[in-house]
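What follows is one structure encoded as structure tokens, with my remarks underneath.
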Amino acid sequence: MSLFVEPKERADSFSSSSTTAPTSPQENEKLAGFDISDDDVEKLRSPDELDVRFDEDEADALLRREADGRRLEDSPSPPKTSFTTALMWMAVNTIATIGIVFTNKAIFSDQSLKLAQLSFAGFHFFLTWLTLWTISRPAFAFFTPRRVSLRDILPLSIAMALNVILPNLSLAFSSITFYQLARILLTPTVAFLNYLLYSSRLPLPAILALIPACAGVALVSYYDSLPADNQTVTTTSPLGILFALLGVFASSLYTIWIAAYHRRLQMSSMQLLLNQSPVAFVALLYVIPFVDVFPESVGSVPMARWGLVLLSGLFASLINISQFFIVAQTGPVSSTVVGHVKTCTIVAMGWVVSGRGVGDWSVVGVVVALGGIIAYSIVMLREKAREGRR
């Protein structure tokens, strides 16, 4: 999630450690079950067209649709940049997405901050609002802000909060490798919900590719949760698995639901997020005193840890800004490749810092899961190319 504007790693331009979501920019991996009437919902064609990331997801897909020529009239296009500049922003987005996951994991490793999840999410929501408010000013004019009533935006803001908090809780109680791989389940979950709600079907090869992806995550879940003989090895607790599954379900519903809001309110992703963030922040203020467990004092937490909190906020802002530039400069293939690079990098680095050996059985699940989701992306890209030629 990330407040990330990512996902699997794309977070609705909203970032949290939930990156993004990472899946491809068309999937994810961006932050609750609510009823939606058929009149309010735009029929979704496939989960590969959605964006989920804070991990970076639904915002990326919606922004891409705008960049393809369906941008709302009152949302100016991103500034045109050279290929070198676009490449720079892609690098910034990749580094920030990877950085926010490891930074948040380090923060949650501190027992005094581990259960202050709502406060941490509120901090990210505030920074997301501040970032978007700044870049919407006339001096930057990345997009034109629009206001929406509290009644309209409150339910979506609560859903966004769940989309961020649940994945962050999963990160706090699991290894980075499992946390990131679990976000892969976002794709099959969105596909399943699409089928239940809108009878939207995936091509058979895509369905077959998702089977090993899910099987690989199941293997990692089992072996990563086993007690380790070496106390230095990071493992995943049953609570981490539970939060991961709840987070995937919440993110999937949010991904589908935000498309309905985008259509009904006729607002771009940036405009929606600018309205959501402050509402989510204020709503959390009413709950934080009853839920969060705070440190005994500010001084009881090392200054270096507070520095990481600020660094996490900086990464979130960079994700939000860079996402705005790269969606208009990269095609679906480039975006998919970058998404998988982020996923594979986070998984590999997470494996290294976890202390596990190459001979650990979890590595089989990692390879199978990554292979499955990459195969799925290839199938969907070919399907889109085939549709484009018709």
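The values are calculated or read from the model by the stated rules, or taken from the named source; none is laboratory data. Worth saying up front: this structure is predicted, and the values here are computed from it rather than measured. Neighbour counts are summed over all protein chains in view; Cβ atoms, including those assigned to glycine, are modelled from backbone coordinates with ideal geometry.
The figures follow:
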| quantity | calculated |
| --- | --- |
| In segment 313-337, residue surrounded by the most Cβ atoms within 10 Å (Cβ to Cβ) [restricted to those that are in contact with a strand residue (DSSP E or B) (Cβ under 9 Å, 6 or more places away or on another chain) and modelled with pLDDT of 75 or more] | 319 |
| Within segment 143-172, considering residues that are of a type in the set (Lys, Arg) and over 21 Å from residue 253 (Cβ atoms), the one surrounded by the most Cβ atoms within 10 Å (Cβ to Cβ) | 146 |
| Among (1) part of a helix (DSSP H, G or I); (2) out of contact with any Gly (no Cβ under 9 Å at 6 or more places or on another chain); (3) surrounded by fewer than 20 Cβ atoms within 10 Å (Cβ to Cβ); (4) aromatic (Phe, Trp, Tyr), the one test that residue 140 misses | (1) |
| Qualifying positions in segment 180-229 - over 22 Å from residue 169 (Cβ atoms), polar (S, T, N, Q) and out of contact with any Leu (no Cβ under 9 Å at 6 or more places or on another chain) | 199 |
| Selection count, segment 201-240, where residues are under 26 Å from residue 386 (Cα atoms) and more than 23 Å from the chain's Cα centre (by Cα) | 5 |
| The lone exception for residue 265 - which of (1) closer than 26 Å to residue 110 by Cα; (2) out of contact with any helix residue (DSSP H, G or I) (no Cβ under 6 Å at 6 or more places or on another chain) it fails | (1) |
| Search result, residues across segment 148-176 that are farther than 19 Å from residue 284 by Cβ and of a type in the set (S, T, N, Q) | 149, 174, 175 |
| Answer from 357, 371 - the residue that is at pLDDT 90 or above, surrounded by fewer than 16 Cβ atoms within 10 Å (Cβ to Cβ) and either under 22 Å from the mean Cα position of the chain (by Cα) or not aromatic (Phe, Trp, Tyr) (or both) | 371 |
